[in-house]
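Here the structure comes first, spelled out in structure tokens, and everything after it is commentary.
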Amino acid sequence: MKQKVYFKTFGCRTNLYDSQVMMSSLKEYDVTENEDEADIVVVNSCTVTNGADSHVRSYIGHVEKKSDAKIFLTGCGAHTKGKKLLDEGRVDGVFGQSEKEKIDSFLLQDKPFYDLGDLNHIDEAVVDNFVGKSRAFIKVQEGCSFRCSYCIIPYVRGDARSMDESRILEQIRKVALNGFGEFVLTGTNVGSYGQTTGTSMAKLMKKISQIRGVKRIRLGSVEPMQITDEFKEILDEPWLEKHLHIALQHTSPKMLKLMGRRNVYKQDRELFELLSSKGFAIGTDFITGHPGESDELWHEAMKNVRELPLTHIHAFTYSKRDGTPSAHMKPEVNGKLAKERLHELEALIKEKNLNFRKNFSGELQVLIESEKNGFYHGLDQHFNKILVESDKDLVGNWINIKKFEVKGDCNYAKF
């Protein structure tokens, strides 16, 4: 009987994809979705913040206490924390993202090892199924060539590089044949796809949309400048989700400069207003408490946020990362104050999301992903959660909902 491997994935959609690559590369082991029956646990880590590092360490401690499973570390945290965890005897081996297709040989090793590979690797794996998922995550690029002052990710993922288009399309054809209809295009800086290969994200999405079985294409986080005139031409296409996540990180011009950002608030606002006029829900990333964020700049930022038609937020307090320019900036912002600002921002966007859902009078196009506590859970075209009561088994189905009740946390419906 083969030993069973459990994958614990932290962080972004790129890591979700990388975990699926590892699962599909296993030949000597079986994958389990039940942590309790695992002989081996592979931790695919995130290191974007100190909190992310803490969650990984905490999870490793949790596994150590409850089982004798061997633990292997990969992902971005392998580059920043892997050596220390290996030296402490907390993990049995560490390997970088570029080495994930060799996972069988790593798990078979008897001695501790540390192999980070390289930061120029481009995936060649074709994943034709996604374990435990109703949506397919497709990695189209790797790395980031931006150097925002606070960010460690380019140093652990490398510069931006794009996957081969034919391989991306081949993978989507195979996954579509396995019944997947929604595809989430992901990467470290997904909007940079094609910049060095003479193509673009808009061209790629058009080709994907023509593949039989593709119903909806979602896009990972993009930069404002990556919504080009060519991209704007596809905004009315029915296969494009009516939600875009566009990373701002801040709305104070002075803070954007301190953070080494390339976006300009005035232009960001014009872009967001255009998208809103076309019915898009809009999400963004935002950092509170970055060094130099004075009360005056914070109030300016919040004034600007109130003007933006935002509906979703991925916000977190600033986390100092060694080796980045921001780590040496002054004055620092008190952690408690940074958290208060975070909560103020999140409360505002929650209110904006509620108003967006109340003002929407159309039909919700929902992919049901799971069932829990008597409700079917799904996401609509605006990336809003909906809970559905039904006597039918709806998991994995697409449904259209005309009547729904808007509540503070999400929408509710009967089907």
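Quick notes
- Relative contact order for segment 4-115, counting Cα pairs under 8 Å that sit 6 or more residues apart, in percent: 27
- Dipole of the chain, positive end: most advanced residue of 86, 398, 56 [Cβ charges, Cα centre]: 398
- Reachable lysines from residue 403, criterion Cα separation under 17 angstrom, eight or more residues apart if same chain: 358, 385, 414
- Under 17 Å from residue 330, Cα to Cα: lysines that are on another chain or at least 8 residues apart: 254, 257, 320
- Candidate aspartates and glutamates - alpha carbon under 14 Å from residue 4, same-chain residues fewer than 8 apart omitted: 28, 30, 33, 35, 36, 37, 39, 68, 104
- Charged-residue dipole, Cβ positions (Lys, Arg, Asp, Glu), segment 364-414 about Cα centre, Debye nearest 20: 160
- Only helical runs count toward this figure. For the chain, summing -39,500 (n - 2.57) over DSSP H runs of n ≥ 4 and dividing by all residues gives -9500 deg cm²/dmol at 222 nm.
- The residue list 309, 228, 199 was ranked by how far each Cα lies along the charge dipole of the chain toward its positive end, using unit charges on Cβ atoms, and 309 comes out on top.
- Rotationally averaged projected area of the chain (alpha carbon convex hull; nm²): 20.6
- With the charge dipole of segment 235-336 set up from +1 on Lys and Arg Cβ and -1 on Asp and Glu Cβ about the Cα centre, the Cα lying farthest toward the positive end among the listed residues 280, 323, 253 is that of 323.
- Cα gyration tensor shape of segment 4-115, rounded if a/c is under 1.5, else prolate or oblate by comparing a/b with b/c: rounded
- The chain, dipole about Cα centre (Lys/Arg Cβ +1, Asp/Glu Cβ -1), debye to the nearest 20: 740
- Local net charge near residue 59, Cβ-Cβ under 13 Å (Lys/Arg +1, Asp/Glu -1): +3
- Quotient of C-alpha Rg and 2.2 N^0.38 Å, computed over segment 174-237: 1.13
- For segment 201-276 versus segment 351-410, the gap between their alpha-carbon centres in whole angstrom: 24
- Shape call, segment 307-415: gyration tensor on alpha carbons, a/c limit 1.5: prolate
- In a fully extended conformation the segment linking residue 105 and residue 414 would gain 106.3 nm over its present Cα-Cα distance, using 0.36 nm per residue.
- Taking Lys and Arg as +1 and Asp and Glu as -1, the other residues whose beta-carbon sits under 14 Å from that of residue 326 total +3.
- Protection proxy ranking of 5-18, 22-35, 175-188, 287-300 - average other beta-carbon atoms within 10 Å, highest first: 5-18, 175-188, 287-300, 22-35
- Contact order relative to length of the chain, as percent, for alpha carbon pairs under 8 angstrom and 6 or more apart: 10
- Pairs of Cα atoms nearer than 8 Å and 6+ residues apart set the relative contact order; for segment 51-174 it is 19 percent.
- Full-stretch length increase - residue 274, residue 228 - with 0.36 nm per residue and alpha-carbon distance subtracted: 15.3 nm
- Charge tally in the Cβ shell below 11 Å around residue 394, where Lys, Arg are +1 and Asp, Glu are -1, residue 394 excluded: -4
No lab work stands behind these numbers, since they all come straight from the coordinates. Fair warning: this is a prediction, and the values are worked out from it, not measured in the lab. Reconstructed Cβ throughout: ideal geometry from the backbone, glycine too, with neighbour counts over all protein chains shown.
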